[in-house]
Amino acid sequence: MASDRVKGHLDGLLLAVIEQGPLHGYAVIEALQVRSGGSLALPTGTVYPALRRLEEAGWISGRWSTVDGRRRRTYRLTSAGQKALAAERNEWSAFSGAVGRVLGEA
């Protein structure tokens, strides 16, 4: 699925993946791909700027660590991020229901 298809939903997708527990950036990309059954193979150029934006918004917090000699930034959901994720889920539910009704989905 093209990355432009997730526009407007990327924040919710990232928050949902990070909700499962702390992850470094590349692990977020891998988790998106696995949880979507391979449909969401987003490039680093899409995900990393979004992670920085979510951190600046206070929805996730990042912390640097060194693993096997490599520096990594690991992200975890904040309480503000949990509230934002709940709002994203509600919005998605309403949106997908409306689109399903228009497209004739059962």
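Among the residues of this structure, residue 66 does not count as one that is among the polar types (S, T, N, Q) and in a helix (DSSP H, G or I).
Consider residue 55 carefully, then state whether it is acidic (Asp, Glu), assigned to a helix (DSSP H, G or I) and either surrounded by 14 or more Cβ atoms within 10 Å (Cβ to Cβ) or at pLDDT below 95 (or both).
Working: acidic (Asp, Glu): yes; assigned to a helix (DSSP H, G or I): yes; either surrounded by 14 or more Cβ atoms within 10 Å (Cβ to Cβ) or at pLDDT below 95 (or both): yes.
Yes.
For the stretch 29-52, give me each residue that is in a helix (DSSP H, G or I) and either under 13 Å from residue 12 (Cβ atoms) or of a type in the set (S, T, N, Q) (or both).
Those that are in a helix (DSSP H, G or I) and either under 13 Å from residue 12 (Cβ atoms) or of a type in the set (S, T, N, Q) (or both): 32, 33, 35, 44, 46, 50.
Filter the stretch 48-57 down to residues that are touching a strand residue (DSSP E or B) at 6+ places or on another chain (Cβ under 7 Å) and of a type outside the set (Asp, Glu) and give me whichever is nearest to residue 81 (Cα to Cα). Result: 54. Only residues that are closer than 15 Å to residue 49 by Cβ and buried (at least 20 other Cβ atoms within 10 Å of the Cβ) were counted across the stretch 16-31, and they come to 2. Take the conditions of a type in the set (D, E, K, R), touching a Lys or Arg at 6+ places or on another chain (Cβ under 8 Å) and surrounded by 13 or more Cβ atoms within 10 Å (Cβ to Cβ) and apply them to residue 35. Does it pass? For residue 35, the condition - of a type in the set (D, E, K, R), touching a Lys or Arg at 6+ places or on another chain (Cβ under 8 Å) and surrounded by 13 or more Cβ atoms within 10 Å (Cβ to Cβ) - is not met. Only one of the numbered conditions (1) closer than 20 Å to residue 6 by Cβ; (2) more than 12 Å from the chain's Cα centre (by Cα) is violated by residue 50, and that is (2). Restricting the first member to the stretch 41-55 and to residues that are polar (S, T, N, Q), and the second to residues that are surrounded by 14 or more Cβ atoms within 10 Å (Cβ to Cβ) and in a helix (DSSP H, G or I), the beta-carbon pairs closer than 8 Å and six or more apart or on different chains are 44/25; 44/29; 46/3; 46/10. One residue stands out in the stretch 8-40 among those that are of a type in the set (D, E, K, R) and touching a residue at least 24 places away in the same chain (Cβ under 8 Å): the one that is farthest from residue 72 (Cα to Cα), namely 11.
So which residues in the stretch 69-85 are under 13 Å from the mean Cα position of the chain (by Cα) and either modelled with pLDDT under 95 or aliphatic (A, V, I, L, M) (or both), if there are any at all? The answer is 77, 84, 85.
Of note, residue 66 does not satisfy the criterion of being β-branched (Val, Ile, Thr) and either surrounded by 11 or more Cβ atoms within 10 Å (Cβ to Cβ) or within 12 Å of the chain's Cα centre (by Cα) (or both).
If the requirement is being within 21 Å of residue 90 (Cα to Cα) and out of contact with any strand residue (DSSP E or B) (no Cβ under 8 Å at 6 or more places or on another chain), which of these qualifies: 12, 37, 69, 45?
Going through 12, 37, 69, 45 in turn, just one is within 21 Å of residue 90 (Cα to Cα) and out of contact with any strand residue (DSSP E or B) (no Cβ under 8 Å at 6 or more places or on another chain): 12.
The values are calculated or read from the model by the stated rules, or taken from the named source; none is laboratory data. Computed from a predicted structure; not experimentally measured. Quick reminder, even Gly has a Cβ in these numbers, built from the backbone with ideal geometry, and neighbours come from all protein chains shown.
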